[in-house]
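Inspection log for the structure reproduced underneath, given as structure tokens.
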Protein chains: 2
Amino acid sequence: MSPTGEGLRERRRRETRQEIHAAALRLARRHGFDKVTIEMISTEAGVSPRTFFNYFPNKEAAAVFGPRELSSEAAAAFVAAGPARPGEVLRDLTRLLLRQLAESPPERRDMHDIFALAHEHPGVLAAMLAQFDTFRTGVAATVAERMGRQPDDEVPNLIASVALTAVRTGLERWSRDEPVDGEDSPVPYVERSVALLHTLLAP
Amino acid sequence: MSPTGEGLRERRRRETRQEIHAAALRLARRHGFDKVTIEMISTEAGVSPRTFFNYFPNKEAAAVFGPRELSSEAAAAFVAAGPARPGEVLRDLTRLLLRQLAESPPERRDMHDIFALAHEHPGVLAAMLAQFDTFRTGVAATVAERMGRQPDDEVPNLIASVALTAVRTGLERWSRDEPVDGEDSPVPYVERSVALLHTLLAP
DNA sequence: GAACATTGTGCAGAGCGTGCAATAATCGAT
DNA sequence: ATCGATTATTGCACGCTCTGCACAATGTTC
């Protein structure tokens, strides 16, 4: 097993999944989403059609694939900070999310295309929202852990929802903007959404 | 044309859609969601399989079917109230949503089963979120109209997202609770979520 | 390197979802 | 009431989706 703690199998699996995702997005750009078949994606990614389904349930999920959980170290630090008032937890959470976004920012072009696909293909929108919601559930569980509450408690869930609403909104606007030289981070966009959100409820 | 302004065709269409939805949910309860086929649903609803697809793109969508827009009168009144500060618009919006929820509350049993299905079938969750998001988009457009902003502007979208997060969270908890005699409205649950949300950002 | 666990692949088959064209029902007007 | 226009229902055909199963190939553990 390698020094990173990640075995060969694990790495391959991650790479294959990424490969299939990239293939799906590439082909959707080239031919239009609904002209693309699983067979085409599989061939482009160098796997069998059957293997495709070992990684994704359908092509929508392959196209929108992205991170589904917080990095575990960051989450651990967040939890370790211990209980606090909801407002403070929300503040910490948005900071955590922004840091993670700054450290491993998505490709603007990919993000743009995914939002565009979601806009014209209901199935893609559904897949994207489902993925986002999976992330939200995980975040809510982390928040719950820090606050000493149950994972399905309303408070952690509302905190996670609010924070991720800001992230989603910021990312969407970022993906629609024209790239500017030297300024290609989604972070300011999300910060802006967070600020707006505060104006909303605390006027 | 009838006095309601709704023609025979329109009414039939609405009824058929409702019929198919009910059939899908009923069969899912009886046999488990993934044992149910389009053919079974169609037969149960008294239409041809081909007709099913004139109403829904797949069985997930049929199962989670629900309202997709604000009632037009309520929305009109909301818009007519004219521009205001974001916080006030949000307050008005939550009132509007609560009134609508009080006037035509969903069946608790249906809501419970839909959330349960969504919990164990990723495809159902995706369909539910997509439907919710369609609603959200429409609400955002209404809010935008009132505020004299574009429908894709961040402010109306954040307002709609926050309000509907509260609705979703409240409905989910309501659907999980045991029915209590004489107290079977989702309204207090949503009100509670709204209140929590305010505590969050304005502590 | 032997035993074990996981992953990739082919095959078969039920079910999904759509385009098309025919038929029937409703609608809006005279 | 009648007639043409619009819209809904259905059957048919066909390609694609997705899953279960069995077995080979490839890591992993001891």
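The values are calculated or read from the model by the stated rules, or taken from the named source; none is laboratory data. Bear in mind the structure is a predicted one, so any value in this text is a computation, not a measurement. Using ideal geometry, Cβ is built from the backbone for each residue, glycine included, and neighbour counts are taken over all protein chains shown.
Tally time: how many residues in segment B:54-90 are within 16 Å of DNA strand C (Cβ to nearest atom) and touching a helix residue (DSSP H, G or I) at 6+ places or on another chain (Cβ under 8 Å)?
Total satisfying the criteria: 11.
Given the criterion at pLDDT below 95 and within 11 Å of DNA strand D (Cβ to nearest atom), identify the matching residue among B:E10, B:E15, B:E69.
Details: B:E15 fails: at pLDDT below 95; B:E69 fails: within 11 Å of DNA strand D (Cβ to nearest atom).
One residue alone meets the criteria, B:E10.
Mind counting the residues in segment B:134-154 that are surrounded by fewer than 19 Cβ atoms within 10 Å (Cβ to Cβ) and either modelled with pLDDT under 95 or within 9 Å of chain A (Cβ to nearest Cβ) (or both)?
2
Considering only residues that are more than 10 Å from chain B (Cβ to nearest Cβ), within 20 Å of A:V64 (Cα to Cα) and not aliphatic (A, V, I, L, M), which ones fall in segment A:160-184?
A:W174, A:S175, A:D177
From the residues in segment B:41-66 that are surrounded by 18 or more Cβ atoms within 10 Å (Cβ to Cβ) and away from DNA strand D (no atom under 13 Å from the Cβ), which one is nearest to the other protein chains (Cβ to nearest Cβ)?
Kept after step one, since they are surrounded by 18 or more Cβ atoms within 10 Å (Cβ to Cβ), are these residues of segment B:41-66: B:41-42, B:45, B:52, B:55-56, B:59-65.
Among the residues that remain, those that are also away from DNA strand D (no atom under 13 Å from the Cβ) are: B:61-65.
Numbers: B:A61: 9, B:A62: 14, B:A63: 13, B:V64: 10, B:F65: 14 Å.
The extreme case among them is B:A61.
When segment B:27-40 is examined, which residues are found to be surrounded by 16 or more Cβ atoms within 10 Å (Cβ to Cβ) and free of Cβ contacts under 8 Å to residues at least 40 places away in the same chain?
Taking segment B:27-40 first, the residues surrounded by 16 or more Cβ atoms within 10 Å (Cβ to Cβ) are B:27-28, B:33, B:36, B:38, B:40.
Result: B:L27, B:V36, B:I38, B:M40.
If I filter segment B:6-21 for residues that are crowded, with 18+ Cβ neighbours inside 10 Å and assigned to a helix (DSSP H, G or I), do I get at least one hit?
Kept after step one, since they are crowded, with 18+ Cβ neighbours inside 10 Å, are these residues of segment B:6-21: B:20-21.
Retained after the next criterion (residues that are assigned to a helix (DSSP H, G or I)): B:20-21.
Yes, that holds for at least one residue.
Looking at the structure I just gave you, is B:G82 farther than 25 Å from A:M128 by Cβ, within 12 Å of chain A (Cβ to nearest Cβ) and either not in a helix (DSSP H, G or I) or not acidic (D, E) (or both)?
Details: farther than 25 Å from A:M128 by Cβ: yes; within 12 Å of chain A (Cβ to nearest Cβ): no; either not in a helix (DSSP H, G or I) or not acidic (D, E) (or both): yes.
Considered against the rule, which asks whether it is farther than 25 Å from A:M128 by Cβ, within 12 Å of chain A (Cβ to nearest Cβ) and either not in a helix (DSSP H, G or I) or not acidic (D, E) (or both), B:G82 comes out as no.
Would you mention how many residues in segment B:80-91 are under 15 Å from B:N157 (Cα atoms) and surrounded by 13 or more Cβ atoms within 10 Å (Cβ to Cβ)?
5
When B:R109 is evaluated against the numbered criteria (1) loosely packed, with under 15 Cβ neighbours inside 10 Å; (2) under 17 Å from the mean Cα position of the chain (by Cα); (3) within 23 Å of A:A61 (Cα to Cα); (4) of a type outside the set (F, W, Y), which criterion, by number, is the only one it fails?
Status for B:R109: all satisfied but (3).
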